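Read the structure below first, then the notes.
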Amino acid sequence: MSKLSANESIKTSSRGLRGHLAQEMANALTGNIPNDEQQLIKFHGAYVQDDRDRRAEREEKKLEWAYSYMIRLRIAGGDITAEQWRALQASCERNGSGVIKITTRQTIQFHGVVKARMKPTMKDFDALGLDAIAACGDVNRNVMAGAYPDLAPYHAEVHAYASAISNHLLPKTGAFKEVWLDGEKLEDNAPAEEDPLYKDHYLPRKFKIAIAIPPHNENDVFANDIGLIAIGDGDQFHGFNVAIGGGLGATHGNKATYPRRASIIGFIPKEHTLDVVWQIAAIQRDHGNREDRKLSRLKYTVDRLGVDWFRSEIEKRAGVEFAPSKPYFFTYRGDRYGWIADAHGLWHYGVYIQNGRVVDEDGYHIKSALKAITEKNMCGIRFTGNQNLLLTHVKDADKATIDDLLAEYGVDETRYSLSRKEAIACVAMPTCPLALAEAQRYLPELITKIEDVMDYHGLSHDAITIRMTGCPNGCGRPYLAEIGFVGKAAGRYALRLGGDYEGERLNQVYKEEVDEGEIIATLNELFGVYVRDRDNGERFGDFCHRTLFSGKIFEGVNG
Ligand code: SRM
Ligand code: SF4
C-alpha cells in the first residue's frame, strides 16, 4: 500500500487544526515550535522563519537561530479601509519589522513577529475585523479579483465574488479563535467541528483561486488552481469562463514537476459559481495525490485524470452543464498609475510600490505618504496582484488633497521606467527558508543595469515584463514573464524567455544558469537582434518565442 505523506497525519490528528499550537506558542524557552505545529500554524496564516543573514553569527554564539514569524492576512479582493491600513501599519511597527509587504496575491504580510507578539498581532487583526485564517496551508488561499473599478460597469458585482468565495471555502474550525483570541476551548477529546468540505484531512495541498475581469489580467488568472474569467456585455455580468489546473511551482532537477497554465473548461452562469468552485475543491480533496507533496497540486490531478474527466465530474457533482467558453481577450497585465475614473463618478489612484515593500527610501516616502493620506479618511485601499495598491473611491473634491500629500512625500512614479514598474520579485532572502538566491533585495539593482542596456538599444520607453524569484517555486510568477529569472544558487539564475505580455503563455529556459555578467551580455545581444528584426509592434516576449523557440512550447504545460 502506498504511504501517505507525513503532513496527512498531522492534519487528521490535529482536531480541527489545533494540535498543540496553543501550548507550543506559550513555550517561552524557544522561539521555534515543533515540526507538526510548524505545519499547522500555516493554516492559521503564519510561518516560522529565521533571519538567514544571522545564522552564522547565532551559531557561533551557540544561540538558536533568530526565529520569528511571518503572518499573512486574508484580504479577499485586496480591499481594506483607510482606518484599517493605519492600524495595521501601527501593529506592524509594534509587533513586527515595521515593513508591510504587499504580496503577489493582493494581500499583505508582516515579517519578524517574535513568538510573544503573535497573539497581540492576531488580536489587532481581529479588532479590525480582519484575520489570517487560511491565508496559508492546504486550503483555499486568499482569493484575488481584478482591481480596476473602471474595467466594466459590473466590476463591483464581480469583485464581490472574491469575498463570497473566500468565505464559502473557509475552514469551519474554531481553532483560530481558541489559539489566538482566547476563545472558548474545545473540551479535551471532544471531536472537532464538522467541516463538509475539508473534513478532517483538508486538501492535499494549497489551493488558489483568482478572478480576472477582461481586458485586464493583472492577477495572472492562468497561474491558479481555479481561474475565473468574468464574462458580460454592456452593463450585464453573466458568469465566468472557468479554467482549472494552473500552478507554477516546480523543483530543479525533478522532471515530474512543471509549471502549468490553467485549462479553460467552459462557461458557467454566475449563480453556479460558489457551488462549482466548492465542488472543484472537493474533487481535488478526493482525488489529489496525498503521497508526494511535490505532485499534489490540482494541476497534477487534472493531468492524471484528464481535463474531460474533470469537467464531467464537476458537472455530475454540481448538477450543472458547462457551456462552451465565451470569447474574451486580455490586453494588459501591469498595474496602472495615477488617477483612474470609474463609471460612478469616483476616482482611484494607482500607487507604485517597488516589490510591494512599504518603506520610505530613495526620496520616495510611500510609507509616510500612506500614513498621512489614510489619516484624512478620504479613500479605501485596494492591493493589486502586482504588489502595488490603489487609493480607492475618492471624491472629486478630495483629489487635490491627495495629490498634494503624494507630492509632499515624493511619491511620483513617473521617475521609474515602465519595465521597472511592471517587474515583480518575490521575498526570498533573508526570511524565506526555500530561497536559493536573492530576489527582492537584488532585482531593483539588476533592473538599473538592464535599463542601461535597454536605453542603449532605444528601448527605454518599452514595457518588458521582468520577474525574479529566489527559487523555482514561482512566487513572483516568473514563468509567465517575458524575461524570467529563477534562482538556482547565490548570484545564479535560470534565464527564461518567451512569455507573452498578457500572461497567456508560459516562457521557457533559454540559459540554464547565468550570473549577472551573462544576464547583461545575453540581453544586450538579444535586444540588438530584437530591435533589428522584430515585426511591426511585436513584443519582446513574442519575438523570443518566435525566434528562439520556433513558436513552440517545449516544456511546462500550456493548458
Ligand atoms: Fe509562495 C512558498 C512567499 C505567492 C508558489 N511562498 C512560499 C513561502 C511561504 C516559503 C515557505 O514555504 O516557507 C514564501 C514565504 C517567503 C517570505 O519570507 O515571506 C512564499 N508566495 C510568497 C509571496 C509572499 C511572494 C511575494 O513576494 O509576494 C506570495 C504570497 C501570496 C499570498 O499572499 O498568498 C507568494 N507562491 C506565490 C505564487 C504566486 C501566485 O499565487 O499567484 C506562487 C506560484 C503559483 C502557484 O501556487 O503555483 C507561489 N510558494 C509557492 C510554492 C510552490 C507551490 C507548488 O505548487 O509547488 C511554495 C513552496 C511550497 O508550497 O512548498 C511557496
Ligand atoms: Fe521563497 Fe522561492 Fe517563493 Fe521566492 S519563489 S518567496 S525564494 S519560496
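The values are calculated or read from the model by the stated rules, or taken from the named source; none is laboratory data. Given the structure is predicted, the values throughout are model-derived calculations rather than measurements. Positions of Cβ are backbone-derived with ideal geometry, glycine not excepted, and every protein chain shown enters the neighbour counts. Note: areas computed on protein heavy atoms with side chains; ligands, DNA, RNA excluded. Shrake-Rupley method; radii C 1.70, N 1.55, O 1.52, S 1.80 Å.
Tally up the residues in segment 391-415 that are open to solvent by less than 60 Å² (accessible area, probe 1.4 Å), farther than 19 Å from V359 by Cα and touching a strand residue (DSSP E or B) at 6+ places or on another chain (Cβ under 7 Å), please.
Residues flagged as open to solvent by less than 60 Å² (accessible area, probe 1.4 Å), farther than 19 Å from V359 by Cα and touching a strand residue (DSSP E or B) at 6+ places or on another chain (Cβ under 7 Å) within segment 391-415 amount to 3.
Keeping to segment 421-466, report how many residues are open to solvent by 50 Å² or more (accessible area, probe 1.4 Å) and under 15 Å from I353 (Cα atoms).
Taking segment 421-466 and keeping what is open to solvent by 50 Å² or more (accessible area, probe 1.4 Å), we get 433-434, 436, 438, 441, 445, 448-449, 452, 455-456, 458, 461.
Checking which are under 15 Å from I353 (Cα atoms) leaves us with 441.
Total satisfying the criteria: 1.
On the given criteria, is L418 within 12 Å of ligand 1 (Cβ to nearest atom) and open to solvent by 20 Å² or more (accessible area, probe 1.4 Å)? Can you show your working first?
Details: within 12 Å of ligand 1 (Cβ to nearest atom): no; open to solvent by 20 Å² or more (accessible area, probe 1.4 Å): yes.
It is false that L418 is within 12 Å of ligand 1 (Cβ to nearest atom) and open to solvent by 20 Å² or more (accessible area, probe 1.4 Å).
Looking for whichever is surrounded by fewer than 16 Cβ atoms within 10 Å (Cβ to Cβ), in a loop (DSSP other than H, G, I, E, B) and not aromatic (F, W, Y) here; the options are S9, S2. Which one fits?
Values: S9 fails: in a loop (DSSP other than H, G, I, E, B).
Among S9, S2, only S2 is surrounded by fewer than 16 Cβ atoms within 10 Å (Cβ to Cβ), in a loop (DSSP other than H, G, I, E, B) and not aromatic (F, W, Y).
Against the condition farther than 22 Å from A262 by Cα and of a type outside the set (G, A, S), how does V514 come out, does it pass?
Working: farther than 22 Å from A262 by Cα: yes; of a type outside the set (G, A, S): yes.
Yes; evaluated as a whole, the condition is true for this residue.
Just a yes or no: is a residue in segment 297-310 more than 16 Å from ligand 2 (Cβ to nearest atom), more than 22 Å from the chain's Cα centre (by Cα), buried (at least 20 other Cβ atoms within 10 Å of the Cβ) and farther than 29 Å from A152 by Cα?
At the first step, the residues of segment 297-310 found to be more than 16 Å from ligand 2 (Cβ to nearest atom) are 298-310.
The next check asks that each one be more than 22 Å from the chain's Cα centre (by Cα); those that pass are 303-310.
Among the residues that remain, those that are also buried (at least 20 other Cβ atoms within 10 Å of the Cβ) are: 310.
Checking the rest, the ones that are also farther than 29 Å from A152 by Cα come to 310.
Yes, segment 297-310 contains a residue that is more than 16 Å from ligand 2 (Cβ to nearest atom), more than 22 Å from the chain's Cα centre (by Cα), buried (at least 20 other Cβ atoms within 10 Å of the Cβ) and farther than 29 Å from A152 by Cα.
Test I231 against the criterion of being among the hydrophobic types (A, V, I, L, M, F, W, C), modelled with pLDDT of 95 or more and in contact with a helix residue (DSSP H, G or I) (Cβ under 6 Å, 6 or more places away or on another chain), and give yes or no.
Details: among the hydrophobic types (A, V, I, L, M, F, W, C): yes; modelled with pLDDT of 95 or more: yes; in contact with a helix residue (DSSP H, G or I) (Cβ under 6 Å, 6 or more places away or on another chain): no.
No: the conditions fail for I231.
Only one residue in N355, N386 is in a helix (DSSP H, G or I), within 16 Å of ligand 2 (Cβ to nearest atom) and closer than 22 Å to G78 by Cβ. Which one? Steps first, answer last, please.
Numbers: N386 fails: in a helix (DSSP H, G or I).
Being in a helix (DSSP H, G or I), within 16 Å of ligand 2 (Cβ to nearest atom) and closer than 22 Å to G78 by Cβ holds for just one of N355, N386, which is N355.
Quick one: what pairs do we get from segment 359-374, first residue on the phi > 0 side of the Ramachandran plot, second open to solvent by less than 40 Å² (accessible area, probe 1.4 Å), C-beta under 6 Å, 6+ apart or different chains?
G363/G410
Looking only at segment 273-283, count how many residues are more than 15 Å from D195 (Cβ to Cβ) and either out of contact with any Lys or Arg (no Cβ under 6 Å at 6 or more places or on another chain) or surrounded by fewer than 20 Cβ atoms within 10 Å (Cβ to Cβ) (or both).
Initial filter on segment 273-283 (more than 15 Å from D195 (Cβ to Cβ)): 273-277, 279-280, 283.
Restricting the remaining residues to those that are either out of contact with any Lys or Arg (no Cβ under 6 Å at 6 or more places or on another chain) or surrounded by fewer than 20 Cβ atoms within 10 Å (Cβ to Cβ) (or both) gives 273-277, 280, 283.
Qualifying residue count for the region: 7.
If you go through segment 26-47, how many residues are among the aliphatic types (A, V, I, L, M), open to solvent by 30 Å² or more (accessible area, probe 1.4 Å) and not in a helix (DSSP H, G or I)? Before the answer, list the steps.
Taking segment 26-47 as the starting set, the residues that turn out to be among the aliphatic types (A, V, I, L, M) are 26, 28-29, 33, 40-41, 46.
Next cut, open to solvent by 30 Å² or more (accessible area, probe 1.4 Å) only: 26, 28-29.
Restricting the remaining residues to those that are not in a helix (DSSP H, G or I) gives 28-29.
Residues flagged as among the aliphatic types (A, V, I, L, M), open to solvent by 30 Å² or more (accessible area, probe 1.4 Å) and not in a helix (DSSP H, G or I) within segment 26-47 amount to 2.
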